[in-house]
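Taken together, the values in this text are just the output of simple stated rules run on the coordinates, not laboratory data. These figures come from a predicted structure and were not determined experimentally. Cβ coordinates were reconstructed from backbone atoms using ideal geometry, including for glycine residues, and neighbour counts include every protein chain displayed.
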Ligand SMILES: Nc1ncnc2c1ncn2[C@@H]1O[C@H](COP(=O)(O)OP(=O)(O)OP(=O)(O)O)[C@@H](O)[C@H]1O
Ligand SMILES: [Mg+2]
């Protein structure tokens, strides 16, 4: 799968851009603030329907304009697809696939899948659970579009439940409605948990081998799902039963705090290296290797699930990795289309022998040089 061309109109600092991409490696070089990350963001949106840096669609529209457009021509398994997204200032976002409007989120599978890696991701290991949940959610959504739909529905019910808890009414007054929300939460939430369990199990197996290679067999990585719901039996019925029980047990506490204290929105992924919790003990270098392992594992799992390699987006990460890790990363390029950004061409010595196109970005414009 590869992105053949991309068109941006009034998207962030791009007023009108059209570029054709190399189906192997593409390198975008530019000084700070010229639009490198913006370009990767546009491709990411085409794949996932959302940005990796904002939840507010308005941020994406150029400061002086009232609408923005992203269009990407992609080739998937020999078929051409045109993905188009239009934003306007009154908050409307419209998507089209091959000129047909996509009406609901359930249909939203553009067919394009990406794995993005930026210096921000290096915090994945040490930061709180939000980042790791987000990693899981974005990865699984690309494998199973229905997961994204479930998640959106779950979050809506969660907000309603929390609003009810915060309403200041007594347990007796809200009990009936609370029970309805609980049932809905458990139904959707248990599915989310199951998907995550399944995903982490597979990811862990793939990551184990990659991490072994990256560390010359010195470090054994293990990924496990750390749930607020008992998930010992990986089966839907028992997860539902445990989830409802937990909600019941935490009712008083939830009412006092005005939040829902159990459920997939509170879960985490544990990462351990040689049996030790990486979140607490991993050194800087180990964290880098773990994140590289996770990203390359995500590439492999997408290939396994969808039968085709995703597009790899690397935002400024070369300078963050040492010689050996870069080498390892570059080796994986031969399988897929890669779009790389860097501030300096010096960063890219290891790319000298691979098929690539270099683009220079200046202030939202691409300048081709020899
Ligand atoms: N909605 C918008 N309208 C116009 N310009 C915008 C908008 N959003 C962001 N920008 C501009 O885009 C530029 C940032 O682009 P981007 O983050 O892609 O830079 P970059 O090349 O990745 O830089 P760095 O090397 O520092 O990461 C900034 O100058 C910012 O002001
Ligand atoms: Mg950037």
FRET efficiency, residue 276 to residue 352 (Cβ-Cβ, R0 56 Å, nearest 0.05): 0.90
Principal-axis tilt of helix 145-165 within the chain, Cα atoms, nearest 10 degrees: 40
Kirkwood Rh (inverse of mean 1/r, distinct Cα pairs), the chain, angstrom: 22.1
Computed label-point distance, nm, for sites residue 97 and residue 159 using a 7 Å Cα→Cβ extension: 2.5
Computed [θ] at 222 nm, deg cm²/dmol, the chain (DSSP H ≥ 4; -39,500 (n - 2.57); rounded to nearest 500): -13500 deg cm²/dmol
Computed over region 81-164, Kirkwood Rh from alpha-carbon pairs, angstrom: 15.2
Gain in span if fully extended, residue 324 to residue 224, counting 0.36 nm per residue against the direct Cα distance: 33.3 nm
C-alpha long axis of helix 129-143 to longest principal axis of the chain, angle in °: 70
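Within a 10 angstrom radius of the beta carbon, how do 266, 56 rank from fewest other beta carbons to most?
So the residues, fewest neighbours to most, are 56, 266.
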Once the Cα gyration tensor of region 123-307 is diagonalised, semi-axes √(5λ) in Å: 34, 17, 13
Folded to 0 to 90 degrees: helix 236-249 orientation relative to the chain principal axis, Cα: 60
Residue of 337, 184, 34 that the Gaussian network model of the chain assigns the largest fluctuation, springs spanning Cα pairs under 10 Å: 184
Ascending count of other beta-carbon atoms within 10 Å, so fewest first, for 265, 211: 265, 211
